[in-house]
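What follows is one structure encoded as structure tokens, with my remarks underneath.
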Number of protein chains: 6
Amino acid sequence: MRLMLLNPNTTEAMTADMERQANRYARAGTEIEGFTAKFGAESVECAYEEEFAIMSFLQTIRERADAFDGVILSCFGDPGLYACRELSPVPVVGIAEASMLMACTVAHKWSIVTVIPRVKPMAEHLVRFHGLEQRCASIRTTPLSVLDCEREPERAVREMVKASQAAVAEDGAEAILLGCGGMGPLDDEIAKAVDVPVIDGIVCAVKLLEGLHDYGLKTSRHAAFMRPEPKDLAGVPGLGGVSA
Amino acid sequence: MRLMLLNPNTTEAMTADMERQANRYARAGTEIEGFTAKFGAESVECAYEEEFAIMSFLQTIRERADAFDGVILSCFGDPGLYACRELSPVPVVGIAEASMLMACTVAHKWSIVTVIPRVKPMAEHLVRFHGLEQRCASIRTTPLSVLDCEREPERAVREMVKASQAAVAEDGAEAILLGCGGMGPLDDEIAKAVDVPVIDGIVCAVKLLEGLHDYGLKTSRHAAFMRPEPKDLAGVPGLGGVSA
Amino acid sequence: MRLMLLNPNTTEAMTADMERQANRYARAGTEIEGFTAKFGAESVECAYEEEFAIMSFLQTIRERADAFDGVILSCFGDPGLYACRELSPVPVVGIAEASMLMACTVAHKWSIVTVIPRVKPMAEHLVRFHGLEQRCASIRTTPLSVLDCEREPERAVREMVKASQAAVAEDGAEAILLGCGGMGPLDDEIAKAVDVPVIDGIVCAVKLLEGLHDYGLKTSRHAAFMRPEPKDLAGVPGLGGVSA
Amino acid sequence: MRLMLLNPNTTEAMTADMERQANRYARAGTEIEGFTAKFGAESVECAYEEEFAIMSFLQTIRERADAFDGVILSCFGDPGLYACRELSPVPVVGIAEASMLMACTVAHKWSIVTVIPRVKPMAEHLVRFHGLEQRCASIRTTPLSVLDCEREPERAVREMVKASQAAVAEDGAEAILLGCGGMGPLDDEIAKAVDVPVIDGIVCAVKLLEGLHDYGLKTSRHAAFMRPEPKDLAGVPGLGGVSA
Amino acid sequence: MRLMLLNPNTTEAMTADMERQANRYARAGTEIEGFTAKFGAESVECAYEEEFAIMSFLQTIRERADAFDGVILSCFGDPGLYACRELSPVPVVGIAEASMLMACTVAHKWSIVTVIPRVKPMAEHLVRFHGLEQRCASIRTTPLSVLDCEREPERAVREMVKASQAAVAEDGAEAILLGCGGMGPLDDEIAKAVDVPVIDGIVCAVKLLEGLHDYGLKTSRHAAFMRPEPKDLAGVPGLGGVSA
Amino acid sequence: MRLMLLNPNTTEAMTADMERQANRYARAGTEIEGFTAKFGAESVECAYEEEFAIMSFLQTIRERADAFDGVILSCFGDPGLYACRELSPVPVVGIAEASMLMACTVAHKWSIVTVIPRVKPMAEHLVRFHGLEQRCASIRTTPLSVLDCEREPERAVREMVKASQAAVAEDGAEAILLGCGGMGPLDDEIAKAVDVPVIDGIVCAVKLLEGLHDYGLKTSRHAAFMRPEPKDLAGVPGLGGVSA
């Protein structure tokens, strides 16, 4: 099977890292192709920047998803998840959602440990969006920017370990979800110092999409994810034409 | 004071209607200017189409909001509300949010009566996003498309009355929120046949923004609505340059 | 338009202060008349004392509300709000409710900062009563009594600033709601030292009632706020006669 | 032990009936004295009328509770419960609360079957006030006024049976709570036709107060139910003097 | 009336203590017989060990409950409560449930203070199972094992007092629920040092069952607690034969 | 990898069917071995019967799980899930949990369609236990017993289709979860007549366990699922010895 992995930002090195992370745990027979965002920011750290990522996701899905069996939104905010599901001919999984769902099978409660404090309200909304408040022990932030995870991996591990240990000791976290698409490559190093499972959403998304594929499950078209009606989308460069 | 009213779709007649509706109840001294979406769909009825509206909102806010005292997102889904708040130098109010908050002062529980059934899950998410589940008696849909409200006002009134009466009689609705930016002009006709307040979000947004202006309240910049960091937004036509 | 402002306690100086605060932000054309409680306590700080305030509210509404366009319950507990709505011929807004609703347009989460610790359970109930738990970051108390706000404004500002800063730094508050009807006059001083909007419920109530008036919205009479049936109210001094 | 039973209305025949109902299931050694409201309405069916009942409750508690071991608020709305707890030297139990708590030991979910539709929002608030939403299957109303229960017992039984059977068949009710203080005497007749426990709050309140007495439990004075501070309560006839 | 008290563990000394505690507050005419678990662990401190307690409960209920008027599950986890209710011909009350319900009449919020930290997630589930999250201020653990309560009562009191005081001071607890069936005998000593009611579930269960008995209320058989169908229960030693 | 599939009942034909269903969608390299309950009922339809299934689960896990990489509790009630997790050296997934989590990736809301009405309260508790109330559109029952699914597959399909169609049309279900371990083999037939994904928990459990295995995730031992302490488990036939 073939999976499309969508990096929400324009940083190509992150796309490569995400692709590598996805392949580490993919099974034989699963091919993964990463796509760097064509427009938007070099890293996504607020709602405004998410919107550009979404445009990029939609454009790539529109143009290329027919050749794939599943789509991974590799941004921990799951931006545009429901819009992408409407548009995509194949299942779409966000990495936040994937890590939360998968974590529920090994932990009664998990914590999200993520980047700079400003993303905390977004992460709170996200957990609530997915209806998983009861399983979330806490959301902890670090002083790390998204690009710090890429550029200063050792410091990033140190900060992540510190926040993760606090989540376990003080919040009752039984698993740690890595709250950024760029943290996957650090999972082993963090796990060495943290006494609970450390879970990367990219891997979880791969595993869930493999599972859906094996079982033949497709996105429901009944209510939330009906396909868009055919409509003119005037003046949208690269996204123009009819909407569906 | 000056208010920017953002129509999420490309249908200019709707912009004119929305502007007229806003002006009907604006007080002397409040000037309202409507903006038609520069790209996207002629009407917004799914999450995919919302994304184009958001791009349009962001572009207009970026280019023009400095000259205004407040922004109205005239789409009942409040699409991109938090992204717009991050970006905008002045307060931003969505019409769904506005009608829900205002309704709470005259009704213990209210119902949303809206367009075609496919928007129901979006409306449910919306109520939950704003944390107002306890005040929402029900969400009822009609067979009306967004454009039907514009093009077939008499039929639209009939369908709205029917669904509103059912909400009052069966769901305990004490007020009816008009669940589409294009329904405002129908409020009086619907109100004639429904025994509870019928509330249009555009008017409520105008009133709330007037109130915020009088009191001098601005969008908080502490957590959820911090301004975006300055970053390159590569390749976004009409939205390029730095992100903030 | 004319607004009736009901002070829940018997302290006339507070009525004057509340009236002044309401007028500071009222628009031209809005007249506000304050009413001191005819019986009850000099300050309201527990459920027992609230009950006397309610009696006073009801008596004044019954005798005088016909000459007004709206009623402000100027007590942060919103005591007797639903009873007053049943009775009153014109819209009634409580100052707690007003500040919570208005705050939702500029802050994702807000905190209530209020008087002595014993009112905390009441404030928790209040937030829950209005169904706004999701938007409330925290409720913080101070060592201030209600009358301290009046009598020792400098100390009151100091205590309020300290608790407000803690709410912002530790609880994620994006706006501060002044949790007592007597704190309004302190809003500017507190706002100078706190980096988020500081919101007084009296002003918000004025703004909401002006908005309702402009739009012509009245209290729904369908379910929660039906008018009382005509009944003998035996032996109630000043409130006797038929109940509606 | 001695229990004070407070009828919220001025109808003496109802006081007598409530006293009789309480005595039917009281154990030997429990003496119950009923008190008719000194002012207010002949029946309590809205928030406005509840306020007079509360005044009456407070006056009687203030003057007489010292001679008792517990207080029963015999009104299904539990009006003024927290104010009464603050004031009373002995435990206070509302009959709604009592029936809900007791029902939880024999039924996973229970329904409230009560009088005229206008009380439904009050009952919803009540369940939520006590934090028992998860255990409430439904609230069903009947065409019965409070006084109908007294004056037309046969019709009242018929209506109650009809609504109760619907609650069991359609809502999953496993027990029926009689939603009015005047329905107690009808419990056996209703129970004959309904296949689940039929529970009267007056009896439950007696049983809970007997239990508290045996165990020596008193109202906590730590947070919600601290005693009122001594204050002048100016001008309150029959309730004047200091507040505590 | 006769009550069956089921100790979940095999420690006979605890059965004797529990029986004594139940008798301390039972009224004349209530006979209580304790039963030690026939199999399982000497103390129950995890979900695995609870399962054996449940088997023991079911066996004893099956063989002996016909001779009793009520059953007390004397384990703070209320293990197997719904299975026991299905099977038992007479009402069944768990001591956690009993203390939570009874506490609601004297405290707006209560805290559970219990044994070693590993039981905390179980207690959280328990509160949620009963739908009482809104009334629970906190769950605090101590370093005490279940058997420590029995074997080192003085140390147990010290630890309980420390955690209880913290719950009152920091969490807003207005009553303390003793979170282990073996803590009942310590209630007076703990209460001396804690300024809110200290509540033991065994006593509460006795009081609730006495109340149900007086009122003649039985377990509802409509939905959750229907009796098991007659079925072969192959190979269950001591529990074999038909299931009902 | 090797998976242990635990049938909760003593009906061997169901074990064979479950094993076959699991193998249909397992990937090459996944071996699945089914285990029939050694004691208990021929079908599990109430909380009482679940308890025997749990004993059987625990015994089999204790004796055999070392030779496996994962455990499937093939009973839609997920009975004893947390006890099994504590005991098992390898991950344990219940089929209800598995289907709910997996469904969240293809449907915003799903419904459970299950056997006889008496299991409805159990299913409600189950959804709440897993904290997934927000994603559950409804729980619908049929007149089918567990064994009917096995013995009368055509009738079972008819009843399931009818209830599933109602869930889609009336409750907003976007996917149907088969609410019984014996319904898996019917999935294709039901899916033919229902316009949304039809999801069997056994398959989902296989897929989730394969995913956990690929990623190397193990049950967290930090809080909820700590291993039991070594203790004597007196007198438990086949489960005796130390508890861990």
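Can you tell me the orientation of helix D:201-215 relative to chain D, as the angle in degrees between its alpha-carbon axis and the longest Cα principal axis, to the nearest 10?
It works out to around 50 degrees.
Between copies, how far does the label point of E:Glu133 sit from its twins, in nm, shortest first, when each point is 7 Å from Cα along Cα→Cβ?
0.6, 0.7, 0.7, 0.8, 0.9
May I ask you to evaluate 6.51 cos²θ - 1.76 cosθ + 1.60, the Karplus curve with θ = phi - 60°, for each residue of the range F:151-168 and list the ³J(HN,Hα) values in order in whole Hz, giving x for glycine and proline?
Those phi angles translate into 8, 10, x, 5, 4, 4, 4, 4, 5, 5, 4, 4, 5, 5, 4, 5, 4, 5 Hz.
Identify, for chain F, the residue whose C-beta comes nearest the rotation axis onto chain B, and round that distance to whole Å.
F:Glu133, 7
Determine the relative contact order of the range E:97-201: mean sequence separation of Cα pairs under 8 Å and six or more apart, normalised by residue count, in whole percent.
Numbers: 173 pairs, mean separation 35.7, N = 105.
The value is 34 percent.
Tell me the mean residue ellipticity at 222 nm calculated for the protein assembly as shown from its helices only (DSSP H runs of n ≥ 4, each -39500 (n - 2.57), averaged over every residue, nearest 500).
Working: 54 runs with 630 residues, N = 1464.
Taking each H run of at least 4 residues, the total per residue is -13500 deg cm²/dmol.
If one computes the Cα centroid of the range F:199-235 and of the range E:19-82, what distance in Å separates the two points?
After rounding, the separation between the Cα centres reads 29 Å.
With everything on Cα atoms, drop me the angle between helix D:12-25 and the longest principal axis of chain D, reported from 0 to 90° to the nearest 10.
Result, in degrees: 80.
Put one equal scatterer on each alpha carbon of chain D, apply the Debye formula with no solvent term, and list log10 I(q)/I(0) at q = 0.11, 0.17 1/Å to two decimals.
-0.53, -1.27
Which whole-Hz couplings ³J(HN,Hα) result when phi for each residue of the range A:35-43 is put into the Karplus expression 6.51 cos²θ - 1.76 cosθ + 1.60, θ = phi - 60°, listed in order with x for Gly and Pro?
Once rounded to whole Hz, the list reads 10, 7, 4, 7, 9, x, 9, 6, 7.
Past 27 Å, Cα to Cα: identify those pairs from C:Lys120/D:Lys109; A:Lys109/E:Lys109; A:Lys120/B:Lys231, in the order given. The partial results should precede the final answer.
Working: C:Lys120/D:Lys109 31 Å; A:Lys109/E:Lys109 24 Å; A:Lys120/B:Lys231 20 Å.
Cα-Cα > 27 Å for C:Lys120/D:Lys109; rest within.
Would you pull out the residues with amide H under 5 Å of D:Val71's amide H, same chain only if 5 or more places away, H placed 1.01 Å from N?
When sequence neighbours closer than 5 places are left aside, the close amide H contacts are D:Met4, D:Val92, D:Val93.
Evaluate the charge dipole of the protein assembly as shown about its Cα centre and quote only its size in Debye, nearest 20, assuming +1 on the Cβ of each Lys and Arg and -1 on the Cβ of each Asp and Glu. Provide the component values of the computation, followed by the final result.
Values: 144 positive and 210 negative charges, 0 e Å.
The calculation lands at about 0 debye.
Compute the label-point distances linking A:Arg151 to its equivalents in the other copies; points lie 7 Å from Cα along Cα→Cβ; give nm, one decimal, shortest first.
Label-point distances to the other copies, shortest first: 5.3, 5.9, 5.9, 7.1, 8.2 nm.
Quick one: 3J(HN,Hα) in Hz for the range F:112-126, Karplus 6.51/-1.76/1.60 with θ = phi - 60°, rounded, Gly and Pro as x.
3J(HN,Hα) across the range F:112-126, in whole Hz: 9, 10, 9, 7, 3, x, 5, 7, 4, x, 5, 5, 4, 4, 4.
Heavy-atom accessible area per residue, the protein assembly as shown, 1.4 Å probe: how many Å²? Don't skip to the end; give the middle numbers.
Working: 43240 Å² over 1464 residues.
It amounts to 30 Å² per residue over the protein assembly as shown.
Mind checking the mean number of beta-carbon atoms from other chains within 10 Å of the Cβ atoms in F:199-210? Before the final figure, lay out each step's value.
Values: counts 2, 1, 0, 0, 5, 4, 1, 3, 9, 8, 2, 5.
That works out to 3 on average.
For E:84-90, what's the mean count of beta carbons from other chains sitting within 10 Å of each residue's beta carbon?
Working: counts 3, 6, 7, 4, 1, 0, 0.
Taking all residues of E:84-90 together, the mean is 3.
Taking every DSSP beta bridge with both residues inside chain A, roughly what % is antiparallel (nearest 5)? Display every interim value, and only then the final one.
Values: 1 of 22 bridges.
The antiparallel fraction comes to roughly 5 percent.
For chain B, what's the relative contact order in percent, using C-alpha pairs closer than 8 Å and at least 6 residues apart?
On the way: 486 pairs, mean separation 50.8, N = 244.
Rounded, it is 21 percent for chain B.
Using only the alpha-carbon atoms, how far is helix F:47-64 inclined from the longest principal axis of chain F? Give it as 0 to 90 degrees, nearest 10.
50 degrees
Applying a 10 Å radius around every beta-carbon, put F:18-29, A:167-178 in order of their mean neighbour count, most first.
On the way: F:18-29: 17.7, A:167-178: 23.7.
Answer by packing, highest mean first, reads A:167-178, F:18-29.
Mean separation of Cα pairs under 8 Å and 6+ residues apart, divided by the residue count of the range F:1-77: what relative contact order is that in percent?
Across the range F:1-77, relative contact order equals 46 percent.
State, to one decimal in nm², a quarter of the convex hull surface area for the C-alpha atoms of the protein assembly as shown, i.e. the direction-averaged projected area.
Working: hull surface 186.7 nm².
Approximately 46.7 nm², given one-decimal rounding.
Could you sort the peptides B:31-41, D:3-13, E:97-107 by per-residue average Cβ neighbour count (10 Å cutoff), highest mean leading?
On the way: B:31-41: 20.7, D:3-13: 23.6, E:97-107: 26.1.
Packing proxy ranking, top to bottom: E:97-107, D:3-13, B:31-41.
Let me know the mean shielding of A:33-42 by other chains, meaning the per-residue number of their Cβ atoms within 10 Å of its Cβ. Don't jump to the answer; show the numbers that get you there.
Values: counts 0, 0, 0, 0, 2, 3, 7, 8, 9, 5.
Per residue, the number of nearby Cβ atoms from other chains is 3 on average.
State the Cα centre-to-centre distance between the range A:109-169 and the range E:140-171 in whole Å.
33 Å
What are the semi-axes of the equivalent ellipsoid for the range E:97-201, taken as the square roots of 5 times the Cα gyration tensor eigenvalues, largest first, in whole Å?
Details: eigenvalues 75, 45, 28 Å².
One finds semi-axes of 19, 15, 12 Å for the range E:97-201.
Could you state how much accessible area is buried at the D-E interface, both sides summed, with a 1.4 Å probe, in Å² to the nearest 100?
Values: alone 11080 and 11040 Å², together 18350 Å².
Result for this pair: about 3800 Å² buried.
Once the label point is placed 7 Å from Cα along Cβ, list for E:Glu63 the distances to the corresponding points in the other copies, in nm, shortest first.
Ordered by increasing distance: 2.4, 6.2, 7.6, 7.6, 8.5 nm.
Report, to the nearest whole %, how much of the accessible area of the range A:115-244 belongs to carbon and sulfur atoms, 1.4 Å probe, protein only. Before the final figure, lay out the partial values.
Details: 2370 of 4570 Å².
C and S fraction of accessible area: 52 percent.
Out of all DSSP beta bridges in the protein assembly as shown, what portion is antiparallel? Express it as a percent rounded to 5. Write down the numbers at each step before the final one.
On the way: 12 of 138 bridges.
Around 10 percent of the beta bridges assigned by DSSP in the protein assembly as shown are antiparallel ones.
By a straight-distance test (C-alpha under 13 Å), which aspartates and glutamates pair with E:Lys218 as possible cross-link partners, with residues fewer than eight away in the same chain excluded?
Here the aspartates and glutamates satisfying the reach criterion relative to E:Lys218 are D:Glu174, D:Asp195, E:Asp69, E:Glu86, E:Glu210.
The values are calculated or read from the model by the stated rules, or taken from the named source; none is laboratory data. Because the structure is a prediction, the values reported are computed rather than measured. Please note: Cβ atoms are built from the backbone with ideal geometry, for glycine as well, and neighbour counts cover all protein chains shown. Just the protein is used for accessible areas: all its heavy atoms, side chains included, with ligands, DNA and RNA removed. Shrake-Rupley method; radii C 1.70, N 1.55, O 1.52, S 1.80 Å.
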